[in-house]
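First the structure, in the form of structure tokens, and then the observations on it.
Values quoted throughout were computed directly from the atomic coordinates according to the rules given, and no laboratory measurement underlies them. Just so it is clear, the model here is predicted, and its values are computed rather than measured. Please note: Cβ atoms are built from the backbone with ideal geometry, for glycine as well, and neighbour counts cover all protein chains shown.
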């Protein structure tokens, strides 16, 4: 079988990533030769839209045959890529966030130089992320993580003249390099135990390599925990999120973190299938710690940007609930299989909704920065009178983050928490899972405290001046798109949940049979 | 077929609502965006008519095949949004779309002087119409309940439209809170159904024997149906929750017209009619409905006798007529129940059909009466009938159209009210003959119904004569209203005059409605349609018809001699026993007073205790939690030093703890 796999077949399934790279490599050319500024952003948006549309077409059964190359047969046993609903859903999220970032960038970075590099790095980061989502092999996951990681280090330090930005990039780079090394070590331990780097084949390995795999699990949790900013590997995140250009903060929070989630899902669910009884409790505890610490410290913040950074940490904690609940998976019980899929679907749905609401919230801050405002809570005072649209958008984003119906964040949290409850009450499930739901619900209540402070500032406090704040149209467009997605998923979540379930089934489909 | 696009009917007005509330001010063109709403409601009206034509041709969308989409799902639980269209829906669509559209057109004239707030008015009206469409098109109780609550919300917003007036604000609150009592009963009834039957989809709940088949005891089934009807008691202002409706007059008159004729209060009647396939399984609940209906009809009519506010007279008359509808629905259902056990009978659907028929006719004449009253108020600037009088000369169109409305509601042939009211009373009388153990109750209810008919004729003409004849009692320079107001009046007047003829035109309204019951109640009861001409003959040969006709005529004549001829001075009644009676009526049997006393003393007492508990125990706990959270947050925050060495150290320490945890707790697995 392996001999029959031609290069063309690999190229076909990798068309989205290849396209992204082509668009990325031409960005510096547009900058240097054609002296484009704003035009590069449009170019990036076009590229990302093409890829996004391609993946969305592939996700809808009726339109799948419009993009046949994504479904070209691959020899299963040698495959290092797994193109399926899971990779498509995640790629859509990355591309969506990347496109929104491209929308807001031209007005935000117009005083900086080297636009071509900025956009090229942005596209390369998105490509790396989508490689992680598409990976069927540890090596590909690691390469994807590094491609995205190194591009993000550079993007974080893009504002070379701003001390905060370079400091953040330095911290991000040091902690990132450290964590990458650890996760690579963890992967090599898995290779040592299983004799392969293929996820599905690793999943078939038995439970007999206890100690060595246990060390591997710990190292992978550290390495990937860094990517998703799980407690206690989160400390870099607030500094980096605060220091990075806000457009890049949105990319880190809404896309880069989701790449970590994708890698975590793939490695723990598929490759560590036999060890799920060993990692479920550890990840459950980390989930609770992450949401609690994130929310508690967020309450203390006066900088809205930093507050949202901590809120991102907390949100990753909610998503982590999906993993221990998935661990109730038992192929002999259709009901448990269904719950495991539902849990992962909840995680994926939260990835989708969080991408929209968190990037939207950062864009509101960015819009204010562009108009010369600070990022502190008092800069939001009376915003409803000066910029009613921005205030409304921010209110929608933070209410959605808090999980207030009928907004998107409510529904994805609802699926996650209800999955935990289903998992605890189903015979054969694990009764402690209910604590994940309880912790999640209590944390949601806790988080409302600081989200409400933002709304209170905007709607109750008096503005420092009465002048209207005008938002550049492109930034406004990005905020409107994020807002529409946030409201629409909340009002009509069914197709999104259906897509997330499809992705979860695709992930379960990678499991070794028997 | 157009019926497949019926889902667009509620979408149009809701789009109108979104446009008006979201677009910049300069796009609103004219009169606060009225043209958008007129366009959208007209689109809904046209589409409704097309759908109704489909229904007349025998196409319906019912049962499990009706189109639906999954709105959200959680595990095995699913909420769907679907469309359910049968004959009953068709009648509701006609009423809501026609009256809604005319009210919006009329508003252009009526609300002309409102300035900036017009935008809010049109947005809310559009939403009100849209959600009412949603309510009548719903194919399960969850969907219906969502729209039911939205209808309640819109009525709250519109009753309190003049929010700067304390009376309007409190009337809005009252409408919201009182109907909420009914809504909670409805919700409890639905929860019982969900618990036993396991679904709230019409297609399963309306299957034959659905309640008994689910293992519900008959007492539980009756309870669930009475609770369901509790929703209608609140929404349709039935005794004892009827007091909110007269107060709801504080809103603009157009809103009253909409609430009374097409939207809010009709929702309760629709709920009862819609639940018929379940109700016929619980005869006791049906008797309860009929009794509440009869009591409401009589009580509200007596209140209307002494009211001097023109809108209050109409409000009480609405409550009274709604009572008639409930009476007919209850009586008709009971007849069906009896016959389900004893075998076939013709004219089975008469009670049901007459209730719906009366609802449709009432929609037209009540919308007419309210809009005409609005025209009068617009002209003289007061609601007080004592300050009106002699307006017939200056307001010809208003006075004539209002006369038609009054004749119609009084039940004078050939106007529409006559046909349906006669049938309502006739089916009550049939229930007396057929209803077995309840027959005495229905004899009493029939007598109450006839008495109500007398009072209706009296108070309506009292109102008409006081307003349009005699000497002018105020110095306002009354003038006829603008065209945008008189045209809807004339359209509604012609409908109020002729809509009763639906009784015998074509197949006849009753045989049309019978299709709706026979398709939902199941095949074991064959609802045979009588030929319309045959029933026409029956009406004019039955002594019952003449009885109700005579009492109406007497009522009209009494009003004529007192308020036109002045043959008898009302002031003579102001003392003694009649004076006390008058006071009792004017104070609305002290029901409001009782509610207030109840609310102020008992509820307030309970609230006080709850408040203390809330303040010291709950708030204390919350504040403690907040303090703890904030302190622990501050503590954790201090570990965030900004030093990258510390961050890496944290990762190492955290990683070691993690490894330790894995070794201690998971090692034993091997």
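Label separation (residue A:162 vs residue B:309): 6.1 nm, computed from points 7 Å beyond Cα along the C-beta direction. Every Cα-Cα pair in the range A:10-115 was counted, and those over 24 Å apart are 33% of them.
For the pair residue B:612 and residue B:382, a Förster radius of 30 Å applied to the C-beta separation gives a FRET efficiency near 0.05, rounded to the nearest 0.05. Taking every Cα-Cα distance in the range B:216-283 and sorting them into 5 Å bins from zero, the calculated P(r) comes out as 4, 17, 23, 20, 15, 10, 6, 4, 1, 0 percent. Over 17 Å, how big is the tail of the calculated P(r) for the range B:9-53, in percent of all Cα pairs? The answer is 34 percent, as a whole percent. Above 14 Å lies some portion of the pair distances; for the range B:587-638, what is it as a whole percent of all C-alpha pairs? Pairs farther apart than 14 Å: 68 percent. In terms of overall dimensions, the C-alpha atoms belonging to the range A:275-508 reach 65, 33, 24 Å along their principal axes, ordered largest to smallest. Relative to the longest principal axis of the Cα atoms of chain A, the long axis of helix A:433-459 makes an angle of roughly 10 degrees. Distance between the modelled labels on residue B:471 and residue A:333, one decimal in nanometres: 9.0 nm (7 Å Cα→Cβ projection). Here the protein assembly as shown was treated as a single set of alpha-carbon atoms; its pair distances binned every 10 Å from 0 give 2, 9, 16, 18, 16, 14, 11, 8, 4, 1, 0, 0 percent. Kirkwood radius for chain B, taken over all pairs of different Cα atoms as the inverse mean of 1/r, rounds to 26.7 Å. Percent of C-alpha pairs per 10 Å bin in the range A:82-149, short distances first: 22, 44, 25, 9, 0. As a size descriptor, the averaged projected area of the C-alpha convex hull of the range B:1-129 was calculated at 9.3 nm². Would you give the gap between the C-alpha center of the range A:393-468 and the C-alpha center of the range A:164-185, rounded to a whole Å? That distance is 30 Å. Contact order for the range A:275-508, expressed relative to its length and based on alpha carbon pairs under 8 Å spaced 6+ residues apart, stands at 28 percent. The Cα-based radius of gyration of chain A, divided by its Kirkwood radius, gives an Rg/Rh of 0.95.
Approximating the spin labels as points 7 Å out from Cα along Cα→Cβ, the residue B:653-to-residue B:42 distance works out to 7.4 nm.
Just the number: Rg to Rh for the range A:164-220, Cα atoms, Kirkwood Rh, two decimals. List each step's numbers first, then the result.
Details: Rg = 15.1 Å, Rh = 12.6 Å.
Radius of gyration relative to Kirkwood radius: 1.20.
What does DSSP give for the protein assembly as shown in terms of the percent of beta bridges that are antiparallel, rounded to the nearest 5?
Around 90 percent antiparallel, to the nearest 5.
With a Förster radius of 25 Å applied to the C-beta separation of residue A:139 and residue A:71, the computed FRET efficiency comes to 0.60. Helical runs (DSSP H, four residues minimum) scored at -39500 (n - 2.57) apiece and divided by the length of the protein assembly as shown put the mean residue ellipticity at 222 nm at -23500 deg cm²/dmol. If you line up the long axis of helix B:218-235 against the longest principal axis of chain B, both from Cα atoms, how many degrees apart are they, to the nearest 10? On a 0 to 90 degree scale, this one is about 70.
Based on the Cβ-Cβ distance of residue B:170 and residue A:35, what FRET efficiency does E = 1/(1 + (r/R0)^6) give at R0 = 45 Å, to the nearest 0.05?
Step by step, r from the Cβ atoms, then E = 0.10.
Taking the inverse of the mean 1/r over every pair of distinct Cα atoms in the range A:74-222 gives a Kirkwood hydrodynamic radius of 17.1 Å. Distance from the Cα centroid of the range B:71-110 to that of the range A:25-65 is 43 Å (rounded to whole angstrom).
Once the Cα atoms are used to define both axes, helix B:141-159 deviates from the longest principal axis of chain B by about 70 degrees. Given their separation in residues at 0.36 nm each and the Cα-Cα distance between them, residue B:664 and residue B:626 gain 10.2 nm when the chain is fully extended. On the principal axes of its alpha carbon atoms, the range B:109-241 extends 59, 28, 19 Å, with the longest extent given first. When restricted to Cα atoms, the range A:323-390 yields an Rg and a Dmax of 20.4, 60 Å, respectively. Volume per residue of the convex hull around the Cα atoms, evaluated for the range A:220-336, comes out as 95 Å³. For the range A:139-289, taking Cα atoms only, Rg and Dmax work out to 16.1, 54 Å respectively.
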